[in-house]
Amino acid sequence: MKNFLITIGLCLLHCLANCQYTIEFKTILNGQKLFLDSAGLYTVNSNEVVISNLKFYVGALHLVNHKKQKVKTDSSYHLIDLAKPESTKLRLESQEELLINGFRFKLGVDSINNVSGAYGGDLDPTLGMYWTWQSGYINFKLEGFYTTENGNREFQYHLGGYLNPFETVQEIRLDILISKKIVIIVDLEKFLKSIPAELPTKIMSPGKNAKLLSELLIPIFSLKNE
Amino acid sequence: MNRWILILMPSIFLFGFGAAELSQTRIEIRYPSNWPKPNYDFEKKPLYKNRVELGRKLFYDPVLSGNGMVSCASCHLSFTAFTHVDHALSHGINDSIGTRNAPVLINLAWNKLFMWDGAVNNIEVQALAPISHASEMGNDLITLLPKLNEHDTYPALFKTAFGEEKIASKQLLLALAQFQLTLVSANSKYDKVKAGVLKFTEQEANGYKLFQQNCNGCHKEPLFTTTEFENNGLQPDANLRDSGRYQVTRLSKDLFKFKVPTLRNIQYSFPYMHDGRYNNLNEVLNHYRADQELNIINHQNKPVIEITEHQKVDLIAFLLTLSDREFLFNPDYGFPRN
């Protein structure tokens, strides 16, 4: 028993010092850090662009080893909100030292959590990420405008929907040997450039367009070692 | 018979939000043994007396609306099976008119989806729709929650019900849901006949046969709905342009499908259909009759029945056996007096 306690104690000590993994989402545009509501800093498709709102859900966070086995899981949902810098950093605690070879997460809220009633915390429906007239979470919300010769051209992408065949939640898999400090780059330029020009600039309900845009989000996430 | 059974042994449970220990009285809804199991998961989220009573108070309280004038009960009146009688399209804040007829609130625990098009997937999140709808209660939770938190009575009531004084959306929504889940109608003449206590008249018995032949496929016993979405061949209204279930699923097979409404207490829930286009059951049956003009979009879907004027009277006599006065006048469902 005594030995057991000592072992636990040692392990705790060991882990207090070592076993916290931080995950930070860093959003960039034109290769620079993104600031909300900043005019004159960024251009996309040769138009100046201002981003006023970026929020998205991440869930089912997994750290995996070189055999792709899950070695650490956080099954709760986190709302990443660029207007709240503290929300862009997450922590995973581990009891032991892990050898990590990749990071997996869901971008958006699973269908089961979309149909199971009222939640609090990051899934609270008052956080602007829940449609009131139709049940369901907005997985990814991006709002802003382009300044063009003919005035501002607004865009609003509220991407979500959990019903087949228009389910929008995406699994993001990033593989690379990583340290305890995991930095995920979110490259908005990639997304904005990949949106087909013929699509409406306001997509605010589930359906074909929301699904298409959600799939374009997968490649904008990448891992960076720091 | 239909009132809540209070399980008198209070159960102690650990409350998920704040882990405060609460002693609560559980309530269970009662229904005939031949009914299917409710769709709502009462094992996971049991009903508690405090929460149901709090939900009832909220249901009748216009504090939920933007101008403090409209309550849930404004459109869902207990004496008419919780629908808005006489209003084809519901009336909300500042006399604005909605786009649909307020449905009855009956046996909601068996519903899979809510609203005429199934846009809402769980009763716990349903209230978000009317509270935030500009032409219903014209409010939003960001404005409402601080108001409730500063209210004279609500913080204490939420504390007894949920163990926490701070009112957040989850508790508000759960309380409203808990009250509505107790709205069980299972004591009509039809139910008493099924239980062997009463007998149908000859006319009602004829009507019942006609019902089983023509209507039961969609308005399925004993709930009188399959709770699925069907197209019953109504001519789409050119002004409302309501495409029903399609609006949610975006699948062409769902165009002009609406949730099959229960026919329980149908005597009281006029006007009928999602847009309240028919004022009485006679008009409804005329719609279902073969000799009615068929519209082009929908006629292949229309359930066409061949009945004589005489049989129509019998069928209506049967439909009236679905009235449950004990439900309509249940003191547990009415305006809270205390």
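Summed over region A:61-79, the residues that are among the aliphatic types (A, V, I, L, M) and open to solvent by 30 Å² or more (accessible area, probe 1.4 Å) give a count of 1. The requirement of being under 26 Å from A:L177 (Cβ atoms) and out of contact with any Asp or Glu (no Cβ under 6 Å at 6 or more places or on another chain) is fulfilled somewhere in region A:33-41, by at least one residue.
Being touching a strand residue (DSSP E or B) at 6+ places or on another chain (Cβ under 6 Å), among the acidic types (D, E) and within 14 Å of chain B (Cβ to nearest Cβ) is a property that holds for A:D122. Checking B:K166, B:K170, B:K147 one by one, the residue that is closer than 27 Å to B:D41 by Cα, part of a helix (DSSP H, G or I) and either open to solvent by 10 Å² or more (accessible area, probe 1.4 Å) or assigned by TED's automatic domain parsing to the domain that holds B:E221 (or both) is B:K170 and no other.
Here's the yes/no breakdown for (1) in contact with a Cys (Cβ under 6 Å, 6 or more places away or on another chain); (2) charged (D, E, K, R); (3) open to solvent by 30 Å² or more (accessible area, probe 1.4 Å); (4) in a loop (DSSP other than H, G, I, E, B):
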residue: A:Y146; (1), (2), (3), (4): no, no, no, no
residue: A:E154; (1), (2), (3), (4): no, yes, yes, no
residue: A:H158; (1), (2), (3), (4): no, no, no, no
residue: A:F166; (1), (2), (3), (4): no, no, yes, yes
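Just a yes or no: is a residue in region A:171-192 crowded, with 18+ Cβ neighbours inside 10 Å, modelled with pLDDT of 95 or more and more than 18 Å from the chain's Cα centre (by Cα)? Looking for residues that are crowded, with 18+ Cβ neighbours inside 10 Å, modelled with pLDDT of 95 or more and more than 18 Å from the chain's Cα centre (by Cα), one finds none in region A:171-192, hence no.
Of everything in region A:36-59, what is closer than 22 Å to A:F105 by Cβ and open to solvent by 50 Å² or more (accessible area, probe 1.4 Å)? Give them in sequence order. Correct list: empty. Taken over region B:244-261, the residue count meeting the criterion of being open to solvent by 20 Å² or more (accessible area, probe 1.4 Å) and either assigned to a loop (DSSP other than H, G, I, E, B) or in the same structural domain as B:V104 (by TED's automatic domain parsing) (or both) is 6. Would you confirm whether or not region A:144-162 contains a residue that is more than 14 Å from chain B (Cβ to nearest Cβ), among the aromatic types (F, W, Y) and touching a His at 6+ places or on another chain (Cβ under 9 Å)? Checked region A:144-162: no residue is more than 14 Å from chain B (Cβ to nearest Cβ), among the aromatic types (F, W, Y) and touching a His at 6+ places or on another chain (Cβ under 9 Å). If you go through region B:22-80 and keep only what is assigned to a helix (DSSP H, G or I), among the β-branched types (V, I, T) and farther than 20 Å from B:F327 by Cβ, you end up with just B:V63. Please count how many residues of region B:74-84 are under 19 Å from B:N107 (Cα atoms) and out of contact with any helix residue (DSSP H, G or I) (no Cβ under 6 Å at 6 or more places or on another chain). Number of matching residues: 6. A:S94 - would you say it is more than 18 Å from the chain's Cα centre (by Cα) and surrounded by 21 or more Cβ atoms within 10 Å (Cβ to Cβ)? Spelling it out, it is not the case that A:S94 is more than 18 Å from the chain's Cα centre (by Cα) and surrounded by 21 or more Cβ atoms within 10 Å (Cβ to Cβ). Just one of (1) at pLDDT 90 or above; (2) of a type in the set (G, A, S); (3) crowded, with 16+ Cβ neighbours inside 10 Å fails for B:G233. It is (1). The residue of region A:125-143 that is surrounded by the fewest Cβ atoms within 10 Å (Cβ to Cβ), among those that are more than 9 Å from chain B (Cβ to nearest Cβ) and part of a strand (DSSP E or B), is A:E143. Within region A:106-124, being among the charged types (D, E, K, R) and either open to solvent by less than 30 Å² (accessible area, probe 1.4 Å) or at positive phi (or both) holds for one residue alone: A:D124. Could you tell me how many of the residues in region B:118-141 are more than 7 Å from chain A (Cβ to nearest Cβ), acidic (D, E) and assigned to a helix (DSSP H, G or I)? Residues that pass the stated criteria total 0. Remark: pairs (first residue in region B:168-184, over 22 Å from B:N265 (Cβ atoms) and within 10 Å of chain A (Cβ to nearest Cβ); second residue acidic (D, E) and open to solvent by less than 10 Å² (accessible area, probe 1.4 Å); Cβ separation under 9 Å; 6+ apart in sequence or on different chains) = B:K170/B:E124; B:L173/B:E124; B:L174/B:E124.
The values are calculated or read from the model by the stated rules, or taken from the named source; none is laboratory data. On a predicted model such as this, the values are computed, not experimentally measured, just so you know. Neighbour counts are summed over all protein chains in view; Cβ atoms, including those assigned to glycine, are modelled from backbone coordinates with ideal geometry. Just the protein is used for accessible areas: all its heavy atoms, side chains included, with ligands, DNA and RNA removed. Shrake-Rupley method; radii C 1.70, N 1.55, O 1.52, S 1.80 Å.
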